[in-house]
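No lab work stands behind these numbers, since they all come straight from the coordinates. Because the structure is predicted, anything quoted here is derived from the model rather than measured. Cβ coordinates were reconstructed from backbone atoms using ideal geometry, including for glycine residues, and neighbour counts include every protein chain displayed.
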């Protein structure tokens, strides 16, 4: 199913993508800013995620963001990744101008105050404690990325490297971050649904056209050096069972080889017929929840294989069995490869069934450099050859490309 879209730019640099879908009277605005945790100062981490919260604290002319949207039957949300911060709202299509008004005003200027900053700092600090410090294994990924990356800012998560960075954030720090990254020339607006191109052009110019370009705070990022030997770390905590977390370097999502790496994770962990489930969960009963997934990022990212071990099972036994599972990838045949490609194809089709999903996919594709990835991605997977999968398994899943965190009970 081809997703048709049209693109135009405002003079201030704002890119606008329009996808018309008149199946239901609904419209979506998705505004993506090209700023994530990788853009942060190593001594001021967690700011991209903090702004995901601050952006709902009111703007120059609108003291409460949510209330006007709720009054017209709309809803909204946002998320932060290492590369981008994404804001989206949906509402009845005849109320679409409300969305333009809301998003343009908070791009223009937030209503900065010490009180609002203190409120959201407390919210983020509490989130950090609840999600990462006060639950079993909660800090595992924080520790693992810091072990796996030595140089690139992917070595800290979006929540931040150290909660003290948020605790000590000043109003001046926050304002400098906003005006350095929240700008029309650092954003893409996707408008999808029951809309027309001419209508969107008029509304975009009316509400966003007068927002000035800003001097961006972009700076070159350090390249992560090639990993040439295995790394490991052992931590003890208040956890019921041992867990083993492995992370491997993979290519950037902007490169074709990323998709081969991603395909490996589907072979390993997509469904009950996957290798990890069949071997480690059903046959050997080493782990009830072995999983694998890739992080498709702007710069070279990571592939993770994680498992909490079953009672009485040791990390040594698990690692020996996992090595056997990874070796089985060399025995993969064309029938199995086509089967997993078919599952992926079905997933892509289902992801395009809602207006919101299409808007988000267009925005993320554009952030990767090509909005048409929403259409061309399935073909990339279809063209992956069996020998490419075998080669990727040998190089990406090699021990010297791996960092391992052993999380053991006290």
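Subtracting the Cα-Cα distance of residue 334 and residue 22 from their residue separation scaled by 0.36 nm leaves 108.3 nm. The modelled label-to-label distance between residue 11 and residue 252, using points 7 Å beyond Cα along the C-beta direction, is 3.3 nm.
Within segment 231-409, the proportion of Cα pairs with more than 28 Å between them is 28 percent. For residue 115 and residue 230, a Förster radius of 41 Å and the Cβ-Cβ distance give a FRET efficiency of 0.25, rounded to the nearest 0.05.
Which translational diffusion coefficient, to the nearest whole µm²/s, is obtained for segment 6-208 from the Stokes-Einstein equation, given a Kirkwood hydrodynamic radius over C-alpha pairs, 10 °C and 1.306 mPa s?
Working: Rh = 17.9 Å.
This corresponds to a translational diffusion coefficient of 89 µm²/s.
Histogrammed with a bin width of 5 Å, the alpha carbon distances of segment 171-263 distribute as 2, 8, 10, 10, 10, 11, 14, 14, 9, 5, 5, 2 percent, first bin at zero.
List the relative contact order of segment 339-388 as a percent without decimals, with contacts defined as Cα pairs under 8 Å and 6+ residues apart.
On the way: 21 pairs, mean separation 14.8, N = 50.
The normalised contact order for segment 339-388 reaches 30 percent.
Estimated translational diffusion coefficient (Stokes-Einstein, Kirkwood radius over Cα pairs, 25 °C, 0.890 mPa s) of segment 216-316: 158 µm² per second. Distance between the modelled labels on residue 179 and residue 206, one decimal in nanometres: 3.0 nm (7 Å Cα→Cβ projection).
A Förster radius of 60 Å combined with the Cβ-Cβ distance from residue 395 to residue 168 puts the calculated FRET efficiency at roughly 0.90. In this simple spin-label approximation, residue 196 and residue 320 carry label points 7 Å from Cα along the Cα→Cβ vector, and these lie 7.1 nm apart.
Tell me, in nm to one decimal, what length is gained between residue 123 and residue 72 on full extension, where the rule is 0.36 nm per residue of separation less the Cα-Cα distance? Could you put the intermediate results ahead of the total?
Numbers: separation 51, 0.36 × 51 = 18.36 nm, distance 2.75 nm.
Additional length available on full extension: 15.6 nm.
For segment 10-113, what number results from the quotient of the Cα radius of gyration and 2.2 N^0.38 Å? Spell out each step's value before the answer.
Details: Rg = 14.6 Å, N = 104, 2.2 N^0.38 = 12.8 Å.
Relative to the rule-of-thumb radius for its length, segment 10-113 sits at 1.14.
Multiplying the residue separation of residue 218 and residue 43 by 0.36 nm and subtracting their alpha-carbon distance yields 61.4 nm.
For segment 6-208, calculate the relative contact order in percent as a whole number, restricting contacts to Cα pairs under 8 Å that are 6 or more residues apart. Kindly include the intermediate steps, with their values, before the conclusion.
Details: 352 pairs, mean separation 82.3, N = 203.
41 percent.
What fraction of the DSSP beta bridges in the chain is antiparallel, stated in percent and rounded to the nearest 5? Around 80 percent antiparallel, to the nearest 5. Per-peptide packing, taken as the mean over residues of other Cβ atoms within 10 Å, places 208-220, 37-49 in the sequence 37-49, 208-220 from highest down. Can you tell me the orientation of helix 373-382 relative to the chain, as the angle in degrees between its alpha-carbon axis and the longest Cα principal axis, to the nearest 10? So the helix axis and the longest Cα principal axis differ by about 20 degrees.
As a length-normalised measure over Cα pairs under 8 Å and 6 or more apart, the relative contact order of the chain settles at 22 percent. Taking the structure as given and computing Rg/Rh (Cα atoms, Kirkwood Rh), which label from (1) 0.95; (2) 0.99; (3) 1.02 fits? Among (1) 0.95; (2) 0.99; (3) 1.02, the one derived from this structure is (2).
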